[in-house]
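Peer 1: Sharing a structure with you now.
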Amino acid sequence: MKAKHYLFPVIAVLIWAINTIVSKMAVGVIDPAAISFYRWLLAGVLLALVFARPVWKQRSVVKPYLGKLFVLGMLGMVMYQCLAYIAAQTTTATNMGILASMMPLLAVGLSVLVLKEAPTVGGVFGGIVSLLGLGYLLSHGDPAALLAHGAAVGDALMLLACLSYAGYGVLLKRWKIPMNNWHSLLIQVWCAVPVLFVYYLSQSAPPVTSAGLPLVLFAGIPASIIAPFLWMHGLAKLGPSRATTLMNLLPVFTVIIAMLFLGETLHSYDVIGGGVTLLGVLMVQTLKRPLRRAQA
């Protein structure tokens, strides 16, 4: 496997890590409803310029799947993004990056429930390890406090956002919609944009200031178009298993960038809790032997 094939997906992960920082930078600069709406409106317009004609020509193929594409748009573009932007107001970019690393684990859990896939050794024991690490992280090193007071609002919302995106991935796998990835993405975005517009209006249509415009541009172009292109290229060259493992770089990149550009401090509970969480995710990704076989 040529090393150059790893470059594109690694850059994609780096862009998504920067986008987590952008979400934090947006706090107090642009309303979550505004960046959510304008980000996907911009991405939708740009995607339409390239793919609208071929999608229209295949409308008879698209029509039976519109309901499923709408659900995917709600999970991936509405719930995940809106919850993440709201979460950023009350949690750190460091926590957001570490929590995002839980998505593969959440996807495995949902796959067992939704796709009826057999539990694996890594899925069970890696899940336990990750939850222990997550509890240590969210409690700031004091698990008893987490049991007594619960997680911070921002952390809970980010975890819910990750669950939403994990559901997006699981349903995408289950439904196996016979469409080009870009065509599917275009329709999902345009299913999401009207809903995001209603959300935007419900918040009194907050304006985009000159300070917020670069954040919208980054979220709408590199994070929504360039990174998916690079990631799809990586999937084609490396295969899903190798490419997905590279997502473990997301919390690492996010923490480094947050320290350099946001001045966030890396605490011992971040290192210990995040490290244990990531170890559990690695176990999920590598220990794929069915659990029942292990018990036999």
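The values are calculated or read from the model by the stated rules, or taken from the named source; none is laboratory data. These numbers come from a predicted model, not from an experiment. Note that each Cβ is placed from the backbone with ideal geometry, even for glycine, and that neighbours are counted across all protein chains shown. Side chains are part of the model used for accessible areas, which takes the heavy atoms of the whole protein and leaves out ligands, DNA and RNA. Shrake-Rupley method; radii C 1.70, N 1.55, O 1.52, S 1.80 Å.
Peer 1: Which of the lysines could a cross-linker span from Lys4 if the Cα-Cα distance has to be under 16 Å and same-chain partners fewer than 8 positions apart are dropped?
Peer 2: Lys237
Peer 1: Hey, what do the phi angles of segment 12-27 turn into as Karplus ³J(HN,Hα) couplings, whole Hz, using 6.51/-1.76/1.60 and θ = phi - 60°, x for Gly and Pro?
Peer 2: So the Karplus estimates, Gly and Pro as x, are 4, 4, 4, 4, 5, 5, 4, 5, 5, 5, 4, 4, 6, 5, 6, 4 Hz.
Peer 1: Hey, another quick one. Given a 1.4 Å probe and the protein chains all in place, what does the accessible area of His267 round to, in Å² to the nearest 10?
Peer 2: Accessible area of His267: about 80 Å².
Peer 1: Here is a follow-up. Under 5 Å between amide hydrogens, which residues at least 5 positions from Thr120 or on another chain qualify, with H placed 1.01 Å from N in the peptide plane?
Peer 2: Distant-sequence amide H within range of Thr120: Leu291.
Peer 1: Whole angstrom only: what separates the Cα centroid of segment 15-94 from the Cα centroid of segment 194-221?
Peer 2: Measuring centre to centre over Cα atoms gives 11 Å.
Peer 1: Still on this structure, please answer the following. Could you please put Phe51, Phe197 in sequence from largest to smallest accessible area, using a 1.4 Å probe?
Peer 2: Correct descending sequence by accessible area is Phe197, Phe51.
Peer 1: So, one more: Return the subset of Lys116/Lys288; Lys57/Lys176; Lys116/Lys173 for which the Cα-Cα distance in this structure is over 18 Å, preserving the input order.
Peer 2: The pairs that break the limit, which is 18 Å between Cα atoms, are Lys57/Lys176.
Peer 1: Is segment 28-180 best put as rounded, prolate or oblate by its Cα gyration tensor, with a ≥ b ≥ c the root eigenvalues, rounded for a/c under 1.5, and otherwise prolate when a/b is larger than b/c, oblate when not?
Peer 2: Cα axes put segment 28-180 in the oblate bin.
Peer 1: Tell me whether segment 1-95 comes out rounded, prolate or oblate; compute the Cα gyration tensor, take square roots of the eigenvalues as a ≥ b ≥ c, and use a/c under 1.5 as the rounded threshold.
Peer 2: In terms of gyration-tensor shape, oblate.
Peer 1: Which of Asp270, Asp142, Asp155 moves most in a GNM of the chain, Cα contacts under 10 Å?
Peer 2: Evaluated over the chain, the most mobile residue of the options is Asp142.
Peer 1: In addition: Suppose only helical runs count, i.e. DSSP H with n ≥ 4. What mean residue ellipticity at 222 nm does that imply for the chain under -39500 (n - 2.57) per run, divided by all residues and rounded to the nearest 500 deg cm²/dmol?
Peer 2: It comes out at -22000 deg cm²/dmol, rounded to the nearest 500.
Peer 1: Ordered by packing density, taken as the mean number of other Cβ atoms within 10 Å over each peptide's residues, highest first, how do 19-26, 209-216, 228-235 rank?
Peer 2: Ranked by mean Cβ neighbours within 10 Å, highest first: 19-26, 228-235, 209-216.
Peer 1: Shape call for the chain from the C-alpha gyration tensor, a ≥ b ≥ c root eigenvalues: rounded (a/c under 1.5), prolate (a/b greater than b/c) or oblate?
Peer 2: oblate
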